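See structure below.
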Amino acid sequence: MILADILTGAIRSGTSVMLASQGELVSERAGVINLGTEGSMLGGALGGFAVTVWTGNPWLGALAGGLCGLLIASIHAFLVLSCGANQLATGLTIMFFGMGVTAFFGRGFVSEQIVGFNPVALPLLSDIPFLGPILFNHDPLTYLSILLVPLLWFVIFRTRIGIMLRTAGEREEVLFASGINAKLVRYLAVLAGGFLAGIGGAQLSIAYTHAWVENMTAGRGVVAVALVIFASWKPARAMLGAYLFGAAQALQLTVQQQGYAISPFFLFMAPYLLTLLALLIVERRKSSRTPEALGKVFAGEGSG
Amino acid sequence: MKTQTGTIALSAGRWPSFARWKKRGVQAMIFVAPFVLYGIFLLCYGVNPIDLYVSMVKSAFGDLYGFGEVLLKATPFVLTGLAAALPAKAGLVNVGGEGQLAIGALFATWFAVFYLNAMPAWLGIPLMLIAGALGGALWAGLVAVLKVKGRLNETITSVLLNYVATFTVGFFVHGMLKDPDSFNWPFSPEISSSLRLPIVDGTRLHIGFVVALVLAALVWFVLAKTRLGFRIRVLGSNRLAAERAGFNINKMYFWVLISAGMLAGIAGMIEIAGIEGRLRASTGANFGYLGFLAAMMAWNHPLRLIVTAFLLGMISVAGNTLEIGSGLPSSSVNILMALVLFFILGGRRWSR
Amino acid sequence: MKTKRRASSVLLGALALIMLITGCSQPGSHSASSPSGGSSETSTASADASMGTGGSAVGFIFVGTKDDYGYNQAAYLGSVAVEEAYPDLKVLRAENVPETAEAERVMEQMIKDGAKIIFPTSYGHLEPALNVAKRHPDVVFFHQGGLKTANNVGTYFGTIWEPVYLAGVAAGKMSKTGKLGYIVSVPIPQVLLNVNAFTLGARSVNPDATTSVVFTGSWCDPGQQANATNSLIDGSVDVLSLHQDCMKTVIETAERRGVMTVGYHADASSLAPNGWITGSLWNWPELFVEMVKTAQDGQFKGSKFDGKYRGTLADNVVQLGSFGANVPADVVQYVEDQKKALLEGTLLPFKGPVKDQSGGVRIAEGETPTVEQLEGSDYLVEGVIGSIPK
């Protein structure tokens, strides 16, 4: 059942990326791109791990992870929204800052052990042939992340909050006319994005690997940002993209075990090349357009 | 441009001393604040910040060697910074300096090892430089084609291609470019000594630094003084106007990205010919990102970029002193660098 | 306009400076990035005797962080022992030093700070160390794992493949499926040598055993380690080993899925009370102190460290870890017997013929491989499943 193994692997290794990309999606819907997602993930991974060590409770850990991600994203929000700093440069700086800060404060935690989240097979559902083991044998954060996707879709497209969020990213003046503070909406969106990225990082440290090491996200936050574009700012597509990336990571390991004479270096590239390919295919179909405020960032105007 | 200068002159005329004082004050604050903050951080860990800053400055400016190290470190930042600044003027965000540098280094090494080894310096070095530029151009060309033909955002593609570039270099140094005399360890053979850039006595500084300065001046000249540069700036500031004026926008995007790739590729070549002598999987790691930041700090101005690249070079070199002298982990340097950047990026509004 | 003028004056200043500097440079002196500011070869007896002595510090450079529970931590523990044995010497450490010319600057800085003895502890620090050594003939360099030496550069390493072979024997005995897994980073010789030793050990007791090797491309990416662990276990591997700088995730994930593990670098038996078999460990402290003493006493030239020193299982530089609770006594006994034979020299794990994956003979019948042959491995032995770039 190699296919089932790869699909299971896709969800396992894609979940942290998926959470981060959902967060980035919220932020970008409000017109703020945050390349510092990597930093928020690292903050979440360390914060989540540390609190789990201290309290022994992974739920508190996950919450702390989210808050640490939020804290790091708040620097981005402040610099971009209140100081008018360039979004891309600030995001990149946040990434370096996150690496430095977490490496520095995380030293004592490398050798710690935690009990963390473990996979829980859902009764009955996990007995479904083929689909059961793929979908219903994961850790609690993974189940929650799957539930998050329809929830986010609902909030973004079917509620007043969602309208405000999207308007902040499209037509700021409209918000202004209706007496809503666009800056506040953007602040909240960036912070929410950081929170979700933090939980994504925590999923990696306290649920999937039960470990904290320096720079353990290894570019997953950067990929998460790329996936939001692939997803055309739609939650379900971002989920698909993240699982695709996860599948590529799992697939390359499976291929290595088949003993084909393929250089591992080509396999290392596969997740990134597949993401590029996916971007290319989606963009050809051009089903969605960039939020206007975001378009300005990419067009070099850059300040929030 | 003219009216702007006029307003500045006017306001300066009204409150000459105060406006100037305020601006200088804010600028000084922005520079000093991160070091004060970091000093407090150091104090919390029992390190005397004054002693440390003094030794950091000493290591960078105390002797010719230290100063050379700073310039050496700044050289690739200038070039990868240009690779970000030039496209930025055309409204493009190239974060791919990292990968373009790596592939530039790969091409330069490949040619140096297989074709140029027996050549005299005057011929071999320029050819190696061209090879490096070619490699960078090829990698940027992928971004350009995806942008122009695939309508893919260049920020994202250039970032993703950075990872692919690193693994590509890994593939070659573990395989076809592996040094036969180094017991199968993954790096290329050493390039011939005739291909090494001349260096300054008593330091490791090589003429690559001059190349970087000349290229920065060239990019500045083209952007500021030529018709082509004017068109690039028009495209960057108002795409609609550029379209109306009948510019071939895709063609411009393409060639701007190719030029950026060449600049980063040259940085890769200079790393190999100037200092490393051989290619490794980790050659030039993070130089692209730091160059991008240097460009952003300089607001994409090619000449100011020289100053910001120097600043980043200084912090990198001082970082080693910090670690060896204070015993603080290497990661704490990243915190200092980020603090400096935060203040520069965030303080821009008040320093103008 | 104003900023433009200022910027161009900066440029002019910089250009003038450069012309000044390049004016003093001699184009003839560009051999291998060593400035001619250093001194010429002075290999007289007195210079040899003073080499490495009189310093106020000892420098250690690491490629990773000191608390990674792996290669770097092992070397770090060695540096701590030096600190304790020589309270008068300042121990200078630099972590995360890349394996590029950047390492040269770090070593120069340490020498400036009074170090006469330097330990570059990663393979990639060798070329930079050789360059710096040329400039500082009075400083002794002890490079970890290198195969090239110089007048003032000696290399040291441990024959870690000995305990890895023994661990492979244990793994071969314990495995029920005969399928072993090995998680590694990139195909460098030290990695390939260990995978080969492990496989040879396993096949010495189970000729049908195979080792599936998986490259993650990273020395410590727990996420990818978890993927690799799951993927290997899905492929019905029942004993896992690794050559990574961190191992918590692999050992714990395998334990959770009921798969046995063989550790590397450090003892992780507490992470896997059920599945731990054994592991291979470094033991640098005594050796590092001995090396520093040798150099301090001016005895480096002509000592065993002046050249390529390799500490063995017999020297206690490398060790076989403790056995897990679930390893039966007869298996422990068998491995201990093998260890005894290895120590006595009657067992030679890499004694020819050793064949690679495609059946080609790499070590001929009856031949005992040299240090260079082993530490320059560029092949995987018969029984390993996996591919390396050619």
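A few remarks follow.
- Against the numbered list (1) in contact with a Leu (Cβ under 7 Å, 6 or more places away or on another chain); (2) in contact (Cβ under 8 Å) with a residue 40 or more places away in the chain, C:Lys148 comes up short only at (2).
- Odd one out for A:Met99 among (1) touching a strand residue (DSSP E or B) at 6+ places or on another chain (Cβ under 6 Å); (2) facing another protein chain (nearest Cβ under 10 Å); (3) not small (Gly, Ala, Ser): (1)
- Selection status of C:Thr177, in a loop (DSSP other than H, G, I, E, B) and under 30 Å from B:Ile270 (Cβ atoms): no
- In the set (1) within 11 Å of chain A (Cβ to nearest Cβ); (2) modelled with pLDDT under 95; (3) under 28 Å from B:Phe310 (Cβ atoms), B:Gly62 fails one condition alone, (1).
- Selection count, region A:83-96, where residues are touching a residue at least 40 places away in the same chain (Cβ under 8 Å), within 8 Å of chain B (Cβ to nearest Cβ) and not aliphatic (A, V, I, L, M): 5
- Taken over region A:1-40, the criterion of being acidic (Asp, Glu) and more than 10 Å from every other protein chain (Cβ to nearest Cβ) is satisfied by A:Glu24, A:Glu28, A:Glu38.
- Extreme residue, farthest from the chain's Cα centre (by Cα), among residues of region B:323-351 that are of a type in the set (Phe, Trp, Tyr) and more than 8 Å from chain A (Cβ to nearest Cβ): B:Trp350
- Residue that is modelled with the lowest pLDDT, among those in region A:261-283 that are more than 10 Å from chain B (Cβ to nearest Cβ) and closer than 17 Å to C:Val186 by Cα: A:Ala261
- Test for C:Val289: is it in a strand (DSSP E or B), in contact (Cβ under 8 Å) with a residue 40 or more places away in the chain and under 22 Å from the mean Cα position of the chain (by Cα): no
- Of residues in region C:189-198 being within 14 Å of chain A (Cβ to nearest Cβ) and buried (at least 22 other Cβ atoms within 10 Å of the Cβ), the one nearest to C:Glu375 (Cα to Cα): C:Leu192
- Hits in region A:106-156 (condition: closer than 17 Å to A:Gly198 by Cα and hydroxyl-bearing (Ser, Thr, Tyr)): A:Thr142, A:Tyr143, A:Ser145
- Count of region C:231-251 residues, restricted to those that are assigned to a helix (DSSP H, G or I) and either basic (Lys, Arg) or buried (at least 24 other Cβ atoms within 10 Å of the Cβ) (or both), is 6.
- Screening B:Met296, B:Met269 for residues that are among the aliphatic types (A, V, I, L, M) and either away from chain A (no Cβ under 13 Å) or without any contact (Cβ under 8 Å) to a residue 12 or more places away in the chain (or both) leaves exactly one candidate, B:Met269.
- If you go through region C:59-81 and pick out every residue that is under 17 Å from C:Glu286 (Cα atoms), in contact with a Pro (Cβ under 9 Å, 6 or more places away or on another chain) and surrounded by fewer than 22 Cβ atoms within 10 Å (Cβ to Cβ), you end up with 3.
- Test: residue in region C:205-223 that is within 13 Å of chain A (Cβ to nearest Cβ) and part of a helix (DSSP H, G or I): yes
- Contacts under 8 angstrom Cβ, first residue in region C:240-254 being under 20 Å from A:Thr217 (Cβ atoms) and facing chain A (nearest Cβ under 10 Å), partner of a type in the set (Phe, Trp, Tyr) and part of a strand (DSSP E or B), 6 or more apart: C:Met247/C:Tyr264
One line per residue, one yes/no per condition, for (1) more than 20 Å from C:Leu193 (Cα to Cα); (2) hydrophobic (A, V, I, L, M, F, W, C); (3) crowded, with 23+ Cβ neighbours inside 10 Å:
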{"residue": "B:Val173", "(1), (2), (3)": "no, yes, yes"}
{"residue": "B:Asp179", "(1), (2), (3)": "no, no, no"}
{"residue": "B:Ser182", "(1), (2), (3)": "no, no, no"}
{"residue": "B:Gly208", "(1), (2), (3)": "yes, no, yes"}
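- For the residues C:Ala228, C:Ala209, the requirement of being among the small types (Gly, Ala, Ser), within 24 Å of the chain's Cα centre (by Cα) and modelled with pLDDT of 95 or more singles out C:Ala228.
- C:Gly307 vs. criteria without any contact (Cβ under 8 Å) to a residue 40 or more places away in the chain and surrounded by fewer than 17 Cβ atoms within 10 Å (Cβ to Cβ): no
- B:Tyr163 meets the conditions (1) more than 8 Å from chain C (Cβ to nearest Cβ); (2) under 23 Å from C:Leu126 (Cβ atoms); (3) not charged (D, E, K, R) in every case but one. The failed one is (2).
- Residues satisfying the stated conditions in region A:105-129, i.e. modelled with pLDDT under 90 and at positive phi: A:Leu124
- The criterion of at least 3 residues that are over 24 Å from A:Ala247 (Cβ atoms) and in contact with a helix residue (DSSP H, G or I) (Cβ under 7 Å, 6 or more places away or on another chain) is met by the following helices (runs of 4 or more DSSP H) wholly inside region A:33-146: A:37-55, A:58-77, A:87-105.
- Condition check for B:Ala108: in contact (Cβ under 8 Å) with a residue 60 or more places away in the chain, surrounded by 24 or more Cβ atoms within 10 Å (Cβ to Cβ), more than 19 Å from the chain's Cα centre (by Cα) and more than 25 Å from B:Arg304 (Cβ to Cβ): no
Okay, residues lined up against (1) assigned to a helix (DSSP H, G or I); (2) at pLDDT 95 or above; (3) within 7 Å of another protein chain (Cβ to nearest Cβ):
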residue: B:Gly202; (1), (2), (3): no, no, yes
residue: B:Leu218; (1), (2), (3): yes, yes, no
residue: B:Phe221; (1), (2), (3): yes, yes, no
residue: B:Ala242; (1), (2), (3): yes, no, no
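- Across region B:123-152, the number of residues qualifying as more than 17 Å from B:Ile270 (Cβ to Cβ) and β-branched (Val, Ile, Thr) comes to 3.
- Looking across region A:176-228, the residues that are β-branched (Val, Ile, Thr), within 13 Å of another protein chain (Cβ to nearest Cβ) and under 13 Å from the mean Cα position of the chain (by Cα) come down to A:Thr217, A:Val222, A:Val223, A:Val225, A:Val228.
- Conditions (1) buried (at least 22 other Cβ atoms within 10 Å of the Cβ); (2) among the small types (Gly, Ala, Ser); (3) without any contact (Cβ under 8 Å) to a residue 60 or more places away in the chain; number of the one not met by A:Ala250: (3)
- Among the residues making up region C:69-93, those that are more than 30 Å from C:Ser270 (Cα to Cα) and touching a Ser or Thr at 6+ places or on another chain (Cβ under 9 Å) are C:Asp88, C:Leu89, C:Lys90, C:Val91.
- Yes/no for B:Ala338 being in contact with a helix residue (DSSP H, G or I) (Cβ under 7 Å, 6 or more places away or on another chain) and either crowded, with 21+ Cβ neighbours inside 10 Å or touching a residue at least 40 places away in the same chain (Cβ under 8 Å) (or both): yes
The values are calculated or read from the model by the stated rules, or taken from the named source; none is laboratory data. Because the structure is a prediction, the values reported are computed rather than measured. Cβ: placed from backbone, ideal geometry, glycine included. Neighbour counts: every protein chain shown.
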